[in-house]
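Peer 1: Can you keep this structure in mind? I'll have questions shortly.
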Amino acid sequence: MTSSLVIVGAGPRGTGFLERLAAAVPGWYGGRPLDVHLVDPHPPGPGRIWRTAQSPLLLMNSRAGDVTVFTDDTVRLQGPVRPGPTLADWAGTDGRRFAARTELGAYLGWAYARAKEALPATVTLHEHRTTALRVEGPREGPQRVRLAGRAEPLRADVVVLALGHLDAEPDAEQRELAAFAARHGLLHLPPGHTADLDLSVLPAGEPVLVRGLGLAFVDLMVLLTEGRGGRYEEAGDALVYVPSGREPVLYAGSRRGVPYHAKLGYVLDGERPPLPRHFGPDRVDALLAADRPLDFRREVWPHIARELGWAHYHRLFAAHPERTAAPWAAFDARWAAAAPDDPGLAAFVAAAVPDPADRFDPEALDYPLAGLRAPSAEALQEELRHHVTAGLTRRHDPAHSADAALVAALDSVYRQLARLAHRTDTGAWWHGFYSHLGSGPPASRLRRLLALSEAGVVRFLGPRLTVAADGRRGVFRASSPAVPGTVTEARALVEARLHAATVTGTAGPLLRGLYEDGALATPGGLLAVDPADGRIVQRDGRPHPRRIALGPYTTAGVGGGFARPRSGGPAFAQNDAAALAALALLRGSHPGHPAPVWKGGTP
């Protein structure tokens with residue numbers, strides 16, 4: 001009988017796995033026949049998130065030259081390197097440009113077609129444009145993958161889950177708000193991908209409460225303004241928004257009260273901080289040696305903060321020594337020796353770095369409006385526009401290149417945290433902190449936000465936003481302590497954010513069924529997998545020999561972003577290891593035994 005491999009998910013991760021499979025089959029599987037089934041209701045390559053059938057106004061959050069789906073010699077691979085073009089090279093566009101998501105979707109569709117063509121003639125690929133509902137089967141025998149709309153399940157010797165972003169069941173608050181909206185004839189759009197929402201229900205000219213100022217808010221802002229016929233005109237260095245008259249009025253706030261920082265407008269040149277330094281493999285090993293759950297804020301964050309601060313100051317002392325008042329060697333030694341609660345460290349830093357604007361202050365970075373009390377709602381608008389403008393200016397000024405070093409350190413920390421995923425729940429706070437500083441929108445989006453604020457189409461609500469359902473008046477109410485006594489009412493509420501989708505709280509039946517059948521989940525809700533090859537770990541501690549999972553919902557997740565060229569691409573290495581593990585099983589090897597050594601060479 002021909003062996004069968006089922007891949008669930010045909011987006012970028014599923015495409016990446018297929019590419020590694022095609023590269024490895026000649027050397028690891030020889031001329032044996034193999035059936036590969038690819039299951040996804042969305043187009044193979046772009047999948048759901050990057051599908052080409054969405055508004056061309058929506059942009060990627062990375063520059064075109066920083067996006068690749070192909071391996072290079074910086075990636076730790078056992079299979080062969082199969083290089084390919086970046087998005088910019090493929091599209092023949094400026095690598096500094098933020099391309100439309102539809103352009104990325106076309107690139108991913110081409111990459112999928114290339115991977116498909118690279119499969120040897122002995123491999124037959126079957127595409128199933130439907131949803132996988134459940135995986136069943138004994139541990140040591142073939143699996144069955146049940147599909148929507150198909151009576152007979154797919155037989156699978158190995159199942160690979162490459163699901164990408166997950167949807168989540170609404171939590172208690174969201175259920176209550178939805179029920180309240182239904183009772184009072186209001187509009188409530190729950191957390192979700194903005195491109196998937198029906199925004200036509202939001203009426204023109206009416207106030208809409210928006211909770212969230214991150215990337216989902218930026219997409220919402222675009223679709224409800226330019227997407228409804230508005231346009232921008234240049235006015236010197238600024239933009240002026242010319243409304244179409246079909247826009248609602250967006251009253252937006254969040255916990256932090258400000259949008260994410262824009263992407264940096266310059267390249268970090270010269271001496272870079274050698275990362276990791278204080279939060280690298282040795283530190284992670286020491287934390288893992290505790291062999292127990294770890295409290296993220298108390299036991300992990302202090303080491304992360306030391307790493308981030310060290311990168312910041314390393315760059316400041318190296319690139320801008322005129323703004324420092326101590327030798328770097330002395331500062332470095334004092335920073336390394338300080339305990340997390342060292343009462344003298346702040347005074348030492350203040351003496352060595354005279355300007356407070358040059359100091360690393362994670363509290364101020366996370367809560368830039370802490371303590372703000374505006375005398376009126378109009379004064380708050382001015383304060384927020386000033387904050388956004390100052391942030392844009394700083395993000396384009398290489399004199400503040402310590403900010404770029406901090407962003408590099410955030411990426412380094414993110415990679416190290418993958419090893420701790422099964423021991424600690426980073427929670428929503430860390431992801432928000434990381435995204436606010438290191439994964440914000442293009443600067444052009446914030447320039448448009450300023451124009452929309454000036455035009456009155458966007459109204460800022462302030463930090464520490466609270467939203468309540470007012471049963472007496474039959475409306476949603478929002479307020480912030482930054483403007484005491486001011487309450488905004490509306491008949492529509494949009495949750496401009498994504499739920500932290502987890503295996504235990506996912507809306508999809510596939511992962512929920514695996515969890516119910518014995519798959520192990522971390523306290524934070526991630527699916528536990530063997531870090532070596534992605535095999536799903538069961539509650540008895542043993543990896544399942546026939547089930548593999550890849551992606552940000554697993555303990556081996558490396559985030560949902562795309563790899564930069566020549567950056568080591570951890571996701572590529574994971575895809576490679578998973579493909580070789582799957583082929584090893586399919587050819588009769590047993591998990592846990594040494595895998596065959598690659599003998600195919602690099603074509």
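Peer 1: Compute the accessible area per residue over the chain, keeping the other protein chains in place, probe 1.4 Å, unit Å².
Peer 2: Values: 25370 Å² over 603 residues.
In whole numbers, the chain has 42 Å² accessible per residue.
Peer 1: Any chance you could run the full-extension gain for A507 through A179? It's 0.36 nm times the residue separation minus the Cα-Cα distance, nm to one decimal. Please list the in-between numbers first.
Peer 2: On the way: separation 328, 0.36 × 328 = 118.08 nm, distance 1.84 nm.
Stretched out fully, the A507 to A179 stretch lengthens by 116.2 nm.
Peer 1: Now, a different point. Let me spell out the model: positive unit charges on the Cβ of Lys and Arg, negative unit charges on the Cβ of Asp and Glu, origin at the Cα centre of the chain. What dipole size does that give, in debye rounded to 20? Provide the component values of the computation, followed by the final result.
Peer 2: Numbers: 67 positive and 63 negative charges, 219 e Å.
Here the size comes out at about 1060 debye.
Peer 1: Length gain on complete extension for the stretch E271 to D89, per 0.36 nm per residue less the alpha carbon to alpha carbon distance?
Peer 2: Numbers: separation 182, 0.36 × 182 = 65.52 nm, distance 2.78 nm.
My answer for the length gained is 62.7 nm.
Peer 1: What is the calculated FRET efficiency for V81 to A121, with r their C-beta to C-beta distance and R₀ = 22 Å, to the nearest 0.05? Before the final figure, lay out each step's value.
Peer 2: Numbers: r = 23 Å, r/R0 = 1.02.
FRET efficiency, V81 to A121: 0.45.
Peer 1: Mind putting a number on the dipole of the stretch 136-197 about its Cα centre? Charges go on the C-beta only, +1 for Lys and Arg and -1 for Asp and Glu, and I need it in Debye to the nearest 20.
Peer 2: On the way: 7 positive and 10 negative charges, 51 e Å.
Charge dipole, the stretch 136-197, about its Cα centre: 240 debye, nearest 20.
Peer 1: Continuing with this model, one more query. Beta carbons within 10 angstrom, averaged per residue: use that to sort the peptides 525-533, 353-361, 340-348, highest first.
Peer 2: Values: 525-533: 22.1, 353-361: 14.8, 340-348: 11.6.
Descending mean neighbour count gives 525-533, 353-361, 340-348.
Peer 1: Just to be sure I understand the model, the point goes 7 Å from the Cα along the line to the Cβ. What's the resulting A148 to T2 distance in nm?
Peer 2: In this crude spin-label approximation the distance works out to 2.7 nm.
Peer 1: Need one number: nm distance between label points at S200 and A339, each 7 Å from Cα along Cα→Cβ, rounded to one decimal.
Peer 2: According to this spin-label approximation, the distance is 6.4 nm.
Peer 1: How big is the stretch 74-149 by Rg and Dmax over its Cα atoms, in Å?
Peer 2: According to the Cα coordinates of the stretch 74-149, Rg and Dmax are 18.0, 52 Å.
Peer 1: Now for a separate question. Report the calculated FRET efficiency for A532 and T130 (r = Cβ-Cβ distance, R0 = 45 Å), to the nearest 0.05. Before the final figure, lay out the partial values.
Peer 2: On the way: r = 31 Å, r/R0 = 0.70.
My answer for the efficiency is 0.90.
Peer 1: Do any trypsin sites (Lys or Arg not before Pro) in the stretch 540-570 lie in a loop, going by DSSP, with at most 16 other beta-carbon atoms within 10 Å of their beta carbon, and if so which?
Peer 2: Sites meeting the loop and neighbour criteria: R566.
Peer 1: Tell me, what HN-Hα J-couplings in whole Hz come from the Karplus equation 6.51 cos²θ - 1.76 cosθ + 1.60 at θ = phi - 60° for each residue of the stretch 203-209, using x for Gly and Pro?
Peer 2: x, 5, x, 8, x, 10, 7
Peer 1: Ignoring ligands, DNA and RNA, please state the percent of accessible area on the stretch 434-569 from carbon and sulfur, probe 1.4 Å. Let's see the in-between values first.
Peer 2: Working: 2430 of 5020 Å².
Roughly 48 percent, rounded to a whole number.
Peer 1: Still on this structure, I have one more. Using only Cα atoms and rounding to the nearest 10 degrees, what angle (0 to 90) does helix 328-337 make with the longest principal axis of the chain?
Peer 2: Computed tilt is about 70 degrees.
Peer 1: So how far, in whole Å, is the C-alpha centre of the stretch 167-238 from the one of the stretch 55-91?
Peer 2: Comparing the Cα centres of the stretch 167-238 and the stretch 55-91, I get a distance of 31 Å.
Peer 1: I would also like to ask the following. Leaving ligands, DNA and RNA out of it, report the carbon-plus-sulfur percent of the accessible area of the stretch 82-153 at a 1.4 Å probe.
Peer 2: Details: 1870 of 3670 Å².
Solvent-exposed carbon and sulfur of the stretch 82-153 make up 51 percent of the total.
Peer 1: Set the Förster distance to 22 Å, then compute FRET efficiency between R542 and E516 from the Cβ-Cβ distance, nearest 0.05.
Peer 2: Values: r = 18 Å, r/R0 = 0.80.
With R0 = 22 Å, the Cβ-Cβ based efficiency is 0.80.
Peer 1: Along the charge dipole of the chain, Cβ charges K/R +1 and D/E -1, which of F17, A330, S244 sits furthest on the positive end?
Peer 2: F17
Peer 1: Put +1 on the Cβ of each Lys and Arg and -1 on the Cβ of each Asp and Glu in the chain; which of L406, P343, L199 then has its Cα farthest toward the positive end of the dipole?
Peer 2: Working it through, the farthest residue towards the positive pole turns out to be L199.
Peer 1: Quick check on the stretch 424-466: take the gyration tensor over C-alpha atoms, sort the square-rooted eigenvalues as a ≥ b ≥ c, and tell me if it's rounded (a/c under 1.5), prolate or oblate.
Peer 2: oblate
Peer 1: Would you work out which of G462, V210, T522 lies farthest towards the positive end of the dipole of the chain? Charges go on Cβ: Lys and Arg +1, Asp and Glu -1.
Peer 2: Highest projection toward the positive end goes to T522.
Peer 1: So, with +1 on the Cβ of K and R and -1 on the Cβ of D and E, and no other charges, what is the size of the charge dipole of the stretch 14-63 about its Cα centre, to the nearest 20 debye? Please report the intermediate quantities before stating the final value.
Peer 2: Details: 5 positive and 3 negative charges, 32 e Å.
My answer is approximately 160 debye.
Peer 1: Cα-Cα pairs above 46 Å in the chain: how many percent?
Peer 2: Numbers: 33215 of 181503 pairs.
For the chain, the share of Cα pairs beyond 46 Å comes to 18 percent.
Peer 1: Treating each Cα of the stretch 418-535 as an identical point scatterer and ignoring solvent, apply the Debye formula and state log10 I(q)/I(0) at q = 0.13, 0.21 Å⁻¹.
Peer 2: These q points yield log10 I(q)/I(0) values of -0.82, -1.22.
Peer 1: Continuing with this model, one more query. Out of the trypsin sites (Lys or Arg not before Pro) in the stretch 454-507, which ones are loop residues according to DSSP with at most 10 other C-beta atoms within 10 Å? Kindly include the intermediate steps, with their values, before the conclusion.
Peer 2: Working: sites: R459, R464, R472, R473, R477, R491, R497; in loops: R464, R472, R473, R491, R497.
Loop-located and lightly packed - R472, R473.
Peer 1: How far is helix 172-184 tilted off the main Cα axis of the chain, in degrees rounded to 10, range 0 to 90?
Peer 2: 70
Peer 1: Once label points are set 7 Å from the Cα along Cα→Cβ at both H396 and S435, what is their separation, rounded to one decimal in nm?
Peer 2: 2.6
Peer 1: Return the Rg/Rh value of the stretch 170-236, two decimal places, where both radii are evaluated on C-alpha atoms and Rh is the Kirkwood radius. Could the numbers behind the result be given before it?
Peer 2: On the way: Rg = 14.2 Å, Rh = 13.7 Å.
Rg/Rh for the stretch 170-236 comes to 1.03.
Peer 1: Determine the relative contact order of the chain: mean sequence separation of Cα pairs under 8 Å and six or more apart, normalised by residue count, in whole percent.
Peer 2: Working: 1163 pairs, mean separation 134.7, N = 603.
Relative contact order comes out at 22 percent.
Peer 1: Next question. Scan the chain and report its longest stretch carrying no GluC sites (Glu not before Pro) that are both in a DSSP loop and have at most 12 other Cβ atoms within 10 Å.
Peer 2: On the way: sites that count: E140, E271.
Looking at the chain, 272-603 is the longest stretch - no exposed GluC sites (Glu not before Pro) with at most 12 other Cβ atoms within 10 Å.
Peer 1: Report the full-extension gain for the segment E489 to E233: residue separation times 0.36 nm, less the Cα-Cα distance, to one decimal in nm. Before the final figure, lay out the partial values.
Peer 2: On the way: separation 256, 0.36 × 256 = 92.16 nm, distance 3.12 nm.
Extending this stretch completely gives an extra 89.0 nm.
The values are calculated or read from the model by the stated rules, or taken from the named source; none is laboratory data. Only a predicted model underlies this, so the values are computations on that prediction, with no experimental measurement involved. Backbone-built Cβ (ideal geometry, glycine too); neighbour counts: all protein chains shown. Quick note on the areas: whole protein, heavy atoms, side chains included, nothing else; ligands and nucleic acids left out. Shrake-Rupley method; radii C 1.70, N 1.55, O 1.52, S 1.80 Å.
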